1. Of the conditions (1) near the ligand (Cβ under 9 Å from one of its atoms); (2) crowded, with 18+ Cβ neighbours inside 10 Å, residue 313 satisfies every one except a single condition; which number is it?
2. Looking at 246, 275 in this structure, which one is under 30 Å from residue 151 (Cα atoms), among the basic types (Lys, Arg) and surrounded by fewer than 19 Cβ atoms within 10 Å (Cβ to Cβ)?
3. Can you pull out the residues in region 282-305 that are of a type in the set (Val, Ile, Thr) and open to solvent by 10 Å² or more (accessible area, probe 1.4 Å)?
4. Please name all residue pairs, on different chains or six or more residues apart, with Cβ atoms under 6 Å, provided the first residue is in region 206-227 and is farther than 25 Å from residue 44 by Cα and at pLDDT below 95 and the second residue is near the ligand (Cβ under 10 Å from one of its atoms) and open to solvent by less than 30 Å² (accessible area, probe 1.4 Å).
5. Please specify each residue of region 123-168 satisfying the condition of being within 16 Å of the ligand (Cβ to nearest atom), surrounded by 14 or more Cβ atoms within 10 Å (Cβ to Cβ) and outside any helix (DSSP H, G or I).
6. In this structure, does residue 227 turn out to be within 9 Å of the ligand (Cβ to nearest atom) and within 22 Å of residue 299 (Cα to Cα)?
7. Is it true that residue 237 is surrounded by 13 or more Cβ atoms within 10 Å (Cβ to Cβ), over 20 Å from the mean Cα position of the chain (by Cα) and either under 23 Å from residue 38 (Cβ atoms) or within 16 Å of the ligand (Cβ to nearest atom) (or both)?
8. It is to be established whether one or more residues within region 183-206 are closer than 20 Å to residue 262 by Cα, within 13 Å of the ligand (Cβ to nearest atom) and either out of contact with any strand residue (DSSP E or B) (no Cβ under 9 Å at 6 or more places or on another chain) or open to solvent by less than 30 Å² (accessible area, probe 1.4 Å) (or both).
Amino acid sequence: MDEPLVWVRAVHFAATISLTGTVLFLALIAEPVFRGTHAGGEVPARVRSWLAWIEWGSLVVVVVSGAAWLILKAAQMGDVPWQAVFSEDLIPTVLWGTDFGQDWIARLVLAALLVPTLLAAQPARASYRPALVAACVLGAALVGTLAWAGHAAATTGAMGAANISSDILHLVAAAAWVGALVPLALLLVTALGRVDAPSIAIAREAVRRFSILGIVSVGTLVVTGVVNGLMIIGSLAVLAGTDYGRLLLFKIALFLAMLSLAAINRLWLTPLLQRQHNADTAAILLRRIGSNTVLEAVIGVVIVAIVGVLGTMSPTE
Ligand code: HEM
């Protein structure tokens with residue numbers, strides 16, 4: 001196993017999922033909640049600044065890990081140490097002569113377009129809302145184009161198109177759920193810093209909206225995960241009989257652990273919260289939802305690390 005490549009892939013997937021998840025959270029959850037609760041003042045301002053840090057930090061990590069991935073991939077393809085890829089002129093060969101290279105160039109263009117778009121997506125600017133929509137589209141494309149860097153790209157013909165489409169949906173759903181968990185936890189922490197009626201209202205409405213996004217993303221992840229699995233491994237025997245299959249089973253077990261935490265939030269704590277009129281009790285419930293959300297995010301990071309490994313393994317071994 002090429003460990004540096006595995007870790008660079010995992011970091012790149014995590015940063016891309018975090019960037020797209022944060023932009024989607026801002027557009028689909030935070031901003032509609034701030035508008036719906038007529039929230040002004042400190043909480044929206046602090047949440048927006050936290051999320052801006054995550055967006056820009058993730059974008060920097062996407063670009064740096066993307067460059068490292070290209071160098072390691074060129075070294076792997078040229079069968080040379082990574083230090084030799086420049087002297088051997090391997091980068092242009094990989095960039096212009098391979099599907100991986102074409103995909104890499106497309107992703108660099110998307111990342112570059114995100115810079116002016118995120119700069120335009122400032123709350124004080126008239127361009128805020130259209131720029132946020134543009135950032136969502138660019139973010140979804142950035143995470144979706146990772147499909148061409150995984151096993152789905154190896155399937156040809158009509159099956160190949162189906163596998164790639166399923167994988168794109170899988171990646172966008174992973175970003176919309178797992179990539180939005182830390183932003184949700186940050187919004188809850190910021191709102192609970194004040195425990196007044198307007199802040200509780202923001203947190204309560206954000207949790208309600210997030211649970212709808214969660215259900216749609218989880219449903220998409222399961223359906224596309226099964227499609228990916230059937231297309232790549234073909235039979236349940238391979239699932240139990242290969243290292244790849246066993247690692248995928250471990251990934252699914254972690255997913256079920258995340259789902260259990262999400263179910264506690266969705267089916268038990270959120271209904272309690274929606275019926276709760278006492279601000280202090282509501283704050284206790286929101287803290288519990290917040291802790292479960294942080295735990296889900298930690299498991300999500302482990303799943304993305306596993307994906308970093310899965311994509312470099314042969315599904316038949
Ligand atoms: C939190 C939940 C999940 C996350 C964050 C997640 C994330 C990912 C990511 C980032 C990829 C890489 C795509 C690529 O390399 O092209 C992937 C691939 C895959 N996922 Fe998931 N996934 C999740 C749940 C699931 C579930 C529930 C299943 C099965 C039912 C599943 C099955 C697969 C398969 C088979 C692949 C293809 C792996 C490969 O390219 O070798 N995933 N997933």
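The values are calculated or read from the model by the stated rules, or taken from the named source; none is laboratory data. Note that the structure is a prediction, hence the values are computed from the model and not measured. So basically every Cβ, Gly included, is an ideal-geometry build from the backbone, and we count neighbours across all protein chains shown. We work out accessible area using only protein heavy atoms, side chains counted, and drop any ligands, DNA or RNA first. Shrake-Rupley method; radii C 1.70, N 1.55, O 1.52, S 1.80 Å.
1. Of (1) near the ligand (Cβ under 9 Å from one of its atoms); (2) crowded, with 18+ Cβ neighbours inside 10 Å, only one is false for residue 313: (2).
2. 246
3. 284, 294, 298, 299, 301, 302, 303, 304
4. 227/166
5. 150, 155
6. So residue 227 fails the test.
7. Working: surrounded by 13 or more Cβ atoms within 10 Å (Cβ to Cβ): no; over 20 Å from the mean Cα position of the chain (by Cα): yes; either under 23 Å from residue 38 (Cβ atoms) or within 16 Å of the ligand (Cβ to nearest atom) (or both): yes.
So residue 237 fails the test.
8. Within region 183-206 (the criterion being closer than 20 Å to residue 262 by Cα, within 13 Å of the ligand (Cβ to nearest atom) and either out of contact with any strand residue (DSSP E or B) (no Cβ under 9 Å at 6 or more places or on another chain) or open to solvent by less than 30 Å² (accessible area, probe 1.4 Å) (or both)), the answer is no, since none of the residues qualifies.
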